[in-house]
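Asks: Please see the structure below; I have some questions.
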Amino acid sequence: MSGARGHWSPRLWLALCCLCGNAPGTFVTRNSRPNIVLFMADDLGVGDLSCYGNNTISTPNIDRLAREGVVLTQHLAAASVCTPSRAAFLTGRYPVRSGMASPNNLNRGVVWLGGSGGLPPNETTFAKILQQRGYRTGLVGKWHLGLSCASRGDHCSHPLNHGFDAFYGAPSGLLSDCRGWATPELHRALRVRLWLVSAGLGCLPLLLLVPKLAGWCPVPWAVVALLGVVAAAFFLCWFCSYGFVRTWNCVIMRNHDVVQQPMNTERAAALMLREALAFVDRYKRGPFLLFVSFLHVHTPLPTRGTFVGRSKHGLYGDNVEEMDWMVGKVLDALERELLTNQTLVYFTSDNGARLEARQGDVRLGGWNGVYKGGRGTGGWEGGIRVPGIFRWPTVLEAGRLIDEPTSHMDIFPTLSYVGGGILPQDSGSTVWKAHYVTPNFSPEGADACYGPELCPCSGDVTRHDPPLLFDVSRDPSESRPLDPSGEALFDSVVKNMEAAVRRHRAGLRPVPQQLSTFNSLWKPWLQPCCGTFPFCGCDAEDDFPPTAP
């Protein structure tokens, strides 16, 4: 793998080590080799959990992790959208280093399972490190980092090519499109424009027929036919992909095989939980790494009937509480197998809550507490501030808070170390934060971008010179930018940041851009298919009974 690890701060592991000394009779070494269980929610707001201050949603199992473990109060994702955030989480590197970051407002993540972009095969994930050290590794749930590069079966970006021995889940994740009756989510505005252009092109040959049939103008039949062919070809070119999102993108895979296409969203959670519990049972003699990457709490929020109506926050709150119950079932399995004290458990979200998700006047997204913005809003804290909870009984002291800035990218060296690796000796980080560009919330005065539904990175943005500078340790809501003329450290802090950016850019090497327009296009020859393409469809899980709480 080329390039250095992303700017990693040792503060997370050093802070955890400091707490270890307070745990009676234990000390963690590189030979400890605990089991590792990672929980990652999809678009969960840091303000949605009771242990982070929410008093209206019930999350007793995640709260239990917090009581019995360590809570990170300044935990950050590397990006405010799924694909680059998850790439950084797995590799410990800024996503730009692996080509997994894009300034393109349309394709800021992997769009199609039939696309050619994804996590490059030469990247090293923490799963691969642990696999090489004797861990059995499994991923259950969402991947969203690509599948194939040149042919349908090459699986160059598949989880099994990145250190996981087993994969069961949704390689793309959930979308509203995964329910046939729901309002489309994928490129909704673009699809509206494509429909309008198609309608316009389709009307042209019909309009030409009027003067021809009326004898006003001798329009050749060949011209009418050619325009009809052009209109039909344009429509088919885009409708072959966007017209079948549910079939192409909403699938469940077991390892390399598609086992459900399209996905049954109502039963997906039960299927994922079954696989997670089976993995624990299968490899309980350890050591094992289980990454449970929830489909919760992304729209369309499929929630089993026993949880519907439980919370005070509608379907979103119900979905959060169902996810918490699933966390509890995995923790119960660890306890039943007497693995609790030998297992390091971590809980987080891939990025902040999605504020724009709505169904009519009903809000379908989460809450980011005091932090400004949400998923997709670039540098604002609400898009990248995420929960971070560690539990390792008898090793980490229960009930402690760590206020130092930490990152998803700290997880790679942390897991590498506890799994038998070597702790990197990089430099520390800072609590200062500068904004050179900020998105324009819409409508004016709102807390998110309800017009485009995802705040842009370019175009409709505001540029700041000098930059907006915040001390996020004292001003986490980023509401009081420091005055360049009144803050004595302003110039020196900004100069240090700019120097760090120059060093970072100097260390970048050209890599293929995985989220380029070409890579993001749907390619029929790469589309995973259960059956004979394009007549894809199957359900190998139809005999599995639903799990009830």
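Asks: Picking from F490, F518, which residue would you name as being crowded, with 17+ Cβ neighbours inside 10 Å, touching a residue at least 12 places away in the same chain (Cβ under 8 Å) and not charged (D, E, K, R)? Working first, answer last.
Replies: Values: F518 fails: crowded, with 17+ Cβ neighbours inside 10 Å.
Testing whether each residue is crowded, with 17+ Cβ neighbours inside 10 Å, touching a residue at least 12 places away in the same chain (Cβ under 8 Å) and not charged (D, E, K, R) leaves just F490.
Asks: When both residues are 6+ apart or on different chains and their Cβ atoms are under 9 Å apart, which pairs have a first residue that lies in the stretch 254-283 and is under 29 Å from E335 (Cα atoms) and open to solvent by less than 10 Å² (accessible area, probe 1.4 Å), and a second that is at pLDDT below 95 and not in a loop (DSSP other than H, G, I, E, B)?
Replies: Once the first residue is under 29 Å from E335 (Cα atoms) and open to solvent by less than 10 Å² (accessible area, probe 1.4 Å) and sits in the stretch 254-283, its partners that are at pLDDT below 95 and not in a loop (DSSP other than H, G, I, E, B) give A268/C178.
Asks: Ok, one more. Looking only at the stretch 47-82, which residues are part of a helix (DSSP H, G or I), closer than 19 Å to I36 by Cβ and in contact with a Cys (Cβ under 7 Å, 6 or more places away or on another chain)?
Replies: Within the stretch 47-82, the subset part of a helix (DSSP H, G or I) is 47-48, 50-52, 60-68, 82.
Those still in the list that are closer than 19 Å to I36 by Cβ too: 61-62, 64-66, 68.
Across the stretch 47-82, the qualifying residues are I62, A66.
Asks: Against the conditions (1) buried (at least 24 other Cβ atoms within 10 Å of the Cβ); (2) closer than 22 Å to S416 by Cβ, where does G146 fall short? Just the number, please.
Replies: The failed condition is (2).
Asks: Does any residue of the stretch 331-348 turn out to be within 24 Å of A77 (Cα to Cα), assigned to a helix (DSSP H, G or I) and open to solvent by less than 20 Å² (accessible area, probe 1.4 Å)?
Replies: Kept after step one, since they are within 24 Å of A77 (Cα to Cα), are these residues of the stretch 331-348: 343-348.
Going one step further and asking which of them are assigned to a helix (DSSP H, G or I), we end up with none.
No - not one qualifying residue is present in the stretch 331-348.
Asks: Can you go through G173, G117 and tell me which one is assigned to a loop (DSSP other than H, G, I, E, B), modelled with pLDDT under 95 and on the phi < 0 side of the Ramachandran plot? Spell out how you get there, then give the answer.
Replies: Details: G173 fails: on the phi < 0 side of the Ramachandran plot.
After ruling out the rest, the residue left standing is G117.
Asks: Can you tell which of G109, G134 is farther than 23 Å from M409 by Cβ and open to solvent by 10 Å² or more (accessible area, probe 1.4 Å)?
Replies: On the way: G109 fails: farther than 23 Å from M409 by Cβ.
Step by step, each of G109, G134 is checked, and only G134 is farther than 23 Å from M409 by Cβ and open to solvent by 10 Å² or more (accessible area, probe 1.4 Å).
Asks: List pairs: first in the stretch 444-472 and under 18 Å from P103 (Cβ atoms), second at pLDDT below 85, Cβ under 7 Å, 6+ apart or cross-chain?
Replies: Pairs found: C455/G378; P456/N105; C457/P103; C457/N105; C457/G378; S458/P103; S458/N105; G459/N105.
Asks: Here are S102, S85: which of them is assigned to a helix (DSSP H, G or I), on the phi < 0 side of the Ramachandran plot and crowded, with 24+ Cβ neighbours inside 10 Å? Even if it seems obvious, please write down each step before you answer.
Replies: Numbers: S102 fails: assigned to a helix (DSSP H, G or I).
When all the criteria are applied, what remains is S85.
Asks: OK, next. With respect to the numbered conditions (1) loosely packed, with under 15 Cβ neighbours inside 10 Å; (2) out of contact with any helix residue (DSSP H, G or I) (no Cβ under 7 Å at 6 or more places or on another chain); (3) free of Cβ contacts under 8 Å to residues at least 24 places away in the same chain, which one is the sole condition not fulfilled by P484?
Replies: (2)
Asks: Go through the residues of the stretch 273-286 one by one and say whether even a single one is among the small types (G, A, S), modelled with pLDDT of 95 or more and more than 22 Å from G45 (Cβ to Cβ). Working first, answer last.
Replies: Initial filter on the stretch 273-286 (among the small types (G, A, S)): 276, 278, 286.
Within this subset, residues satisfying the condition of being modelled with pLDDT of 95 or more are 276, 278.
From the residues that got through so far, the ones that are more than 22 Å from G45 (Cβ to Cβ) too are 276, 278.
Taking every residue of the stretch 273-286 in turn, at least one turns out to be among the small types (G, A, S), modelled with pLDDT of 95 or more and more than 22 Å from G45 (Cβ to Cβ).
Asks: Follow-up question, since we're still on this one. In the stretch 446-454, is there at least one residue being among the hydroxyl-bearing types (S, T, Y) and touching a Cys at 6+ places or on another chain (Cβ under 9 Å)? It would help to see each step written out before you state the result.
Replies: Just the residues of the stretch 446-454 that are among the hydroxyl-bearing types (S, T, Y), to begin with: 450.
Checking the rest, the ones that are also touching a Cys at 6+ places or on another chain (Cβ under 9 Å) come to none.
The answer is no; no qualifying residue exists.
Asks: Let me ask something additional. I'd like to check something: does the stretch 202-213 contain any residue that is under 30 Å from P452 (Cβ atoms), open to solvent by 70 Å² or more (accessible area, probe 1.4 Å) and at pLDDT below 95? First the steps, then the outcome.
Replies: To start, the set of residues in the stretch 202-213 that are under 30 Å from P452 (Cβ atoms) comprises 202-204.
Among the residues that remain, those that are also open to solvent by 70 Å² or more (accessible area, probe 1.4 Å) are: 204.
If we keep only those that are at pLDDT below 95 as well, we get 204.
Checked the stretch 202-213: at least one residue is under 30 Å from P452 (Cβ atoms), open to solvent by 70 Å² or more (accessible area, probe 1.4 Å) and at pLDDT below 95.
Asks: Select from the stretch 365-413 the residues that are open to solvent by 10 Å² or more (accessible area, probe 1.4 Å), of a type in the set (F, W, Y) and not in a loop (DSSP other than H, G, I, E, B) and list them in ascending order.
Replies: Residue satisfying the conditions is F412 alone.
Asks: Among the residues of the stretch 162-174, which ones are open to solvent by less than 30 Å² (accessible area, probe 1.4 Å) and not small (G, A, S)?
Replies: Passing the criteria: H162, F164, F167, Y168, P171, L174.
Asks: Which one of these is hydrophobic (A, V, I, L, M, F, W, C), surrounded by fewer than 24 Cβ atoms within 10 Å (Cβ to Cβ) and in contact with a Gly (Cβ under 8 Å, 6 or more places away or on another chain): V362, V308? Reasoning before the result, please.
Replies: Details: V308 fails: in contact with a Gly (Cβ under 8 Å, 6 or more places away or on another chain).
Just a single option satisfies the conditions, and that option is V362.
The values are calculated or read from the model by the stated rules, or taken from the named source; none is laboratory data. Since this is a predicted model, take the numbers as computed values, not measurements. Methodologically, a virtual Cβ is constructed for each residue, glycine included, from the backbone with ideal geometry; neighbour enumeration extends over all protein chains shown. All accessible areas refer to the heavy atoms of the entire protein, side chains included, with ligands and DNA or RNA removed. Shrake-Rupley method; radii C 1.70, N 1.55, O 1.52, S 1.80 Å.
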